[in-house]
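Worksheet: one structure, shown below.
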Amino acid sequence: MSISMSSASLPIFSTMLGNLRHMLDKGQAFAEARKIDPAALLQFRLAPDMLPFTRQIQIACDGAKLTVARIGALEAPKYDDTEASFADLKARIDKTLAWIATVSPSQLDGTEERDIVFPVGREGATRTMKAEAYLKHWALPNLFFHVTIAYAILRNNGVELGKTDYLVGRV
């Protein structure tokens, strides 16, 4: 039995963003309990040439909503990248989850062969993939990467996170 485009995307994006929100709750509680300036965590990066924590959250949210929009030929909401606090980042996740919840399976199912053109790199370069390949080989790995980097940044800074926090299954 094959799976549908909606079942391979909507619940996974929702679950992983919910897990990410859970990790933000723990990061915020950690900063408050230890009287750490939250900006120190929000701007932390694992390596000098990597994007900071805040951008990891923004990209995870954008990746989820843009993937759903591209696959379903829908208009994705646009968010300004102005988040400056844990509360702002959680609100962005909440907005993204709320929008994803408005998308019905019928808007995505049957789109496996649709050509998806998406930006890659910085100089206006694009790539084209069939929707199913785009979802499985680009969009989902990209989401997992950014959620994992956010997890690693928090963990590296002492936030008590474990594998169960990454896989908590919060939606």
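The values are calculated or read from the model by the stated rules, or taken from the named source; none is laboratory data. None of these values were measured; they are calculated from a predicted model. Reconstructed Cβ throughout: ideal geometry from the backbone, glycine too, with neighbour counts over all protein chains shown.
Residues are listed down the side, and each one gets a yes or a no for (1) over 20 Å from the mean Cα position of the chain (by Cα); (2) in a helix (DSSP H, G or I); (3) within 28 Å of Thr128 (Cα to Cα); (4) touching a residue at least 60 places away in the same chain (Cβ under 8 Å):
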| residue | (1), (2), (3), (4) |
| --- | --- |
| Gly27 | no, yes, no, yes |
| Leu46 | no, no, no, yes |
| Gly63 | no, yes, yes, yes |
| Leu74 | no, no, yes, no |
Quiz prompt | Single residue of region 135-149 satisfying the filter (closer than 17 Å to Ala76 by Cα and in contact with a strand residue (DSSP E or B) (Cβ under 9 Å, 6 or more places away or on another chain)) that is surrounded by the most Cβ atoms within 10 Å (Cβ to Cβ) | solution = Ala139
Quiz item: Name the residues in region 88-120 that are surrounded by fewer than 12 Cβ atoms within 10 Å (Cβ to Cβ) and either acidic (Asp, Glu) or not in a loop (DSSP other than H, G, I, E, B) (or both), would you?
Solution: Ala98, Ala101, Ser106, Glu113, Asp115, Val117, Pro119
Exercise. Output yes when any residue across region 3-24 is over 30 Å from Tyr134 (Cα atoms), at pLDDT 95 or above and loosely packed, with under 15 Cβ neighbours inside 10 Å, and no when none is.
Key: no
Quiz prompt | Long-range neighbours under 6 Å by Cβ, at least six apart or interchain, first residue in a strand (DSSP E or B) within region 121-138, second of a type in the set (Val, Ile, Thr) | solution = Thr126/Val117; Arg127/Val120; Thr128/Val117; Met129/Ile116
